[in-house]
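Notes for the one structure printed next.
The values are calculated or read from the model by the stated rules, or taken from the named source; none is laboratory data. Please read these numbers as outputs of a predicted model, since none were measured by experiment. Note that each Cβ is placed from the backbone with ideal geometry, even for glycine, and that neighbours are counted across all protein chains shown. The area values use the complete protein model at the heavy-atom level, side chains included, leaving out ligands, DNA and RNA. Shrake-Rupley method; radii C 1.70, N 1.55, O 1.52, S 1.80 Å.
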Amino acid sequence: MSRHALDKLVQDCGSLLTAELEAGRILGGAACVRDVAADRQWTVFVGRNAPDGPPVSLDSVVRLYSMTKPVLAVLALRLIDAGLLPGLDVPAAELAAGLPGVAVPAGMTLRRLLSMTSGLAGSKHERMEQVYRAAGIVQFDYTERGYATDEADFLRRIFACELSAPPGTQWEYGRSADVAGLLIQHHLGTSLDALFARHVFEPLGMTSSGFFLPPGRPAESVLQPPVDPPTGESLTGLDKATGFRSAGSGGLASLRDYLSFLEAVFFPGPGPAFLGPAARAELLSDQITGLHDTGPDYIPGPDWGFSLNLGITPRHCRPEDARQVAWLGRAGTSFIVDVERELIMLFAAPCYGRTRVLRATFAGLADDHLRQTASTR
């Protein structure tokens, strides 16, 4: 993609972020575009991390929400490569062995948990939400209530509930990633944050990432919304160092760190690859062929990997067909990776209520500039 086209893309993203800032919908935001093939990077920042905080920069830390899910998938694939997990099709019951009071349904596997075909329900399934609420299961958020959930008790409660559908028969966005992370943690006898650090963050030099703000990082470095709008509760203090580790939506990372993660995963350089060929092929494969549009949910995209929308040609992709992957977090952070053009686009506009609007607007800008570039070739 030409330098001029990327200049214009970032300029337009800056105009969008400035409009959101001036309307009072965000405190700050960022757009980062990396041309991996040309080793060039464009960034635009608006506003501040907090009203009295420093200006937004690549070192601003964001609460990832669902952008934690791709990190979990990569962790699982690296653990399999290292021989620490039996494989994607290991029964979830095997991972849960020894957990008192936990009975995992037959047919549930790690692959089905990561691909959201496990039979566990999501927030768009009204009847199952009532079942979960009655069982004392609440969706993770960054409030004190969310962190107070006991991890083993969460597994006991959710597995005591009926399934939304038999495993492998329906795709439904929900609590599968949280369950997968906690089962991996139990199976290996190592805390999930330690596994993330050892197998993902440390190898990539991601020093500002974790389930909790790493020591030495000031609270002023975090770009975040002021409250959790569904409840109006304040988000938990950034000095928290213990509590529920949500592999589905509990991560934090600086923009610089997340860019490093995306590049290592999707554009391996010379030398030992961060993911082996088989693991990367799994990541870029459609994991739900035949189950598209079967669940009561809103996630778009023709195909689905491990917490990645896949834009592919033709539909139901093989790894060599992958053209674009994308995902978003609930509070306004999203990414688009154009595999074919070797572009990474990372956007941060922490807010609620406009998450999908902003994600679609950023994606529309990127698509427009990509089409214009293709038409001039």
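Worth a mention:
- The alpha carbon centroids of region 255-277 and region 112-147 are separated by 31 Å.
- Using a probe radius of 1.4 angstrom, the carbon and sulfur fraction of the accessible surface of region 48-163 is 51%.
- Spatial separation of Cα centroids for region 19-97 and region 164-241, in angstrom: 11
- Eigenvalues of the alpha-carbon gyration tensor of region 88-141, scaled by 5 and square-rooted, set the equivalent ellipsoid semi-axes at 22, 15, 9 angstrom, largest first.
- The residue 127 and residue 367 beta-carbon pair, evaluated with R₀ = 41 Å, returns a calculated FRET efficiency of approximately 0.65.
- Look at the alpha carbon pairs under 8 Å that are at least 6 residues apart: their mean separation over the length of the chain gives a relative contact order of 24 percent.
- Compared with the dominant principal axis of the Cα atoms in the chain, helix 3-22 is inclined by about 70°.
- Shape category assigned to region 121-249 from the gyration tensor of Cα positions, a/c cut at 1.5: oblate
- Estimated from helical segments only, the mean residue ellipticity of the chain at 222 nm is -9500 deg cm²/dmol, where each DSSP H run of four or more residues counts as -39500 (n - 2.57).
- The listed peptides 87-94, 242-249, 64-71, ordered by packing as a protection proxy, come out as 64-71, 242-249, 87-94 (highest mean of other Cβ atoms within 10 Å first).
- In this simple spin-label model, placing a label point 7 Å from the Cα along the Cα-to-Cβ direction at both residue 194 and residue 233 gives a separation of 2.8 nm.
- Taken one residue at a time, the phi angles of region 44-53 give Karplus couplings (6.51, -1.76, 1.60, θ = phi - 60°) of 9, 10, 10, x, 10, 5, 8, x, 10, x Hz. Gly and Pro are set to x.
- Straight-distance candidates among the lysines for linking to residue 124, with alpha-carbon spacing under 22 Å and chain neighbours fewer than 8 residues away dropped: 69.
- Per residue solvent-accessible surface (Å²) - region 86-157, probe of 1.4 Å: 43
- Across region 1-117, C-alpha contacts under 8 Å between residues 6 or more apart give a mean separation that, scaled by the residue count, equals a relative contact order of 15 percent.
- If you look at the Cα atoms of region 304-373, you get an Rg and a Dmax of 12.5, 36 Å.
- In the elastic network of the chain, a GNM with C-alpha springs shorter than 10 Å, the most mobile of 150, 141, 35 is 150.
- Long-range HN-HN contacts of residue 49 with modeled amide H, under 5 Å: 56
- Prolate/oblate/rounded call for region 244-291, Cα gyration tensor, a/c under 1.5 rounded: oblate
- Relative to the dominant Cα principal axis of the chain, helix 355-375 is inclined by about 50°.
- Taking all protein chains into account, the per residue accessible area for region 196-348 stands at 38 Å² (1.4 Å probe).
- Using the alpha-carbon positions of region 68-189, Rg (one decimal) and Dmax (whole number) come out as 13.7, 40 Å.
- The gain in end-to-end length when the residue 352 to residue 293 segment is fully stretched comes to 18.7 nm, 0.36 nm per residue minus the alpha carbon separation.
- Axis angle, to the nearest 10 degrees, between helix 69-81 and the longest C-alpha principal axis of the chain: 70 degrees.
- Protection proxy ranking for 125-134, 176-185, using the average of other Cβ atoms within 10 Å per residue and placing the highest first: 176-185, 125-134.
- Between residue 82 and residue 15, the simple spin-label model (points 7 angstrom out along Cα→Cβ) gives 4.7 nm.
- Each pair of Cα atoms in the chain enters the Kirkwood radius, and Stokes-Einstein at 37 °C and 0.692 mPa s then converts it into a translational diffusion coefficient of 156 µm²/s.
- Choice from 261, 159, 196 with maximal GNM fluctuation in the chain (Cα, 10 Å cutoff): 159
- For peptides 40-48, 115-123, sequence by mean Cβ density within 10 Å, most packed first: 115-123, 40-48
- Gaussian network model of the chain, Cα within-10 Å springs - most flexible of 214, 272, 166: 272
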